[in-house]
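Colleague: After the structure tokens below, expect a handful of questions from me.
We did not get these values from a lab; they are worked out from the coordinates using the rules stated. In this text, all values refer to a predicted model and were calculated from it rather than measured experimentally. Backbone-built Cβ (ideal geometry, glycine too); neighbour counts: all protein chains shown.
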Amino acid sequence: MSVGPIHAEREHGFGVVEIIVSMFLLTVMALALLPLITQALQASIANSTLATATQLVVREMEDMRSLGSQCAALATAAAAHRAVFDPAGQPLKSAIDPIVCPAASALPATVSVHVSVTDVRADRLVAEATTLVLVTG
């Protein structure tokens, strides 16, 4: 006759109480991380909007520089607006401030080109930049 622990055969595996407690703890941890995940998602959307707006500003600046050195061509191009959508679907619109051409006697000269991009839905400025372009005519 062997004398040993009688309870040993009944203590294999996890009981229902242990499983319920572990599920409760996992739920509490998941709920604690939910605000962090939400905040990270909002920051990611804001960063993608800013990146798209910055790319639009750079593209507008490059287009203005590529027009050459004729002030009239720059002034005409400044009147056009571009509209794009960022990866989150936010509509963005670019605008170039009107260009004032210098008098013919003051040429060659530089003109200031100011490009801004706004979020159409929120009506807020997202990105802007200013550069000088040499004009000879």
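Colleague: Can you find a residue in segment 50-63 that is closer than 28 Å to LEU134 by Cα, of a type in the set (Ser, Thr, Tyr) and touching a residue at least 24 places away in the same chain (Cβ under 8 Å)?
Modeller: For segment 50-63, residues closer than 28 Å to LEU134 by Cα, of a type in the set (Ser, Thr, Tyr) and touching a residue at least 24 places away in the same chain (Cβ under 8 Å): present.
Colleague: For segment 32-42, which residues satisfy the criterion of being closer than 26 Å to ALA88 by Cβ and either aliphatic (A, V, I, L, M) or touching a helix residue (DSSP H, G or I) at 6+ places or on another chain (Cβ under 7 Å) (or both)? First the steps, then the outcome.
Modeller: First pass over segment 32-42, keeping only residues closer than 26 Å to ALA88 by Cβ: 33-42.
Passing the criteria: LEU33, LEU34, LEU36, ILE37, ALA40, LEU41.
Colleague: Also, I was wondering about something else. Hey, among the residues in segment 69-85 that are under 29 Å from ALA51 (Cβ atoms) and in contact with a strand residue (DSSP E or B) (Cβ under 6 Å, 6 or more places away or on another chain), which one's surrounded by the most Cβ atoms within 10 Å (Cβ to Cβ)?
Modeller: ALA78
Colleague: Sticking with this structure for a sec: Based on what the data block shows, is SER66 within 27 Å of the chain's Cα centre (by Cα) and either within 21 Å of THR130 (Cβ to Cβ) or surrounded by 10 or more Cβ atoms within 10 Å (Cβ to Cβ) (or both)?
Modeller: In short, yes.
Colleague: Also, quick follow-up: Can you tell me how many residues within segment 43-87 are assigned to a loop (DSSP other than H, G, I, E, B) and in contact with a helix residue (DSSP H, G or I) (Cβ under 8 Å, 6 or more places away or on another chain)?
Modeller: Residues of segment 43-87 assigned to a loop (DSSP other than H, G, I, E, B): 67-70, 79-82, 86-87.
Then keep just the ones that are in contact with a helix residue (DSSP H, G or I) (Cβ under 8 Å, 6 or more places away or on another chain); that gives 67, 82, 86-87.
Matching residues across segment 43-87 total 4.
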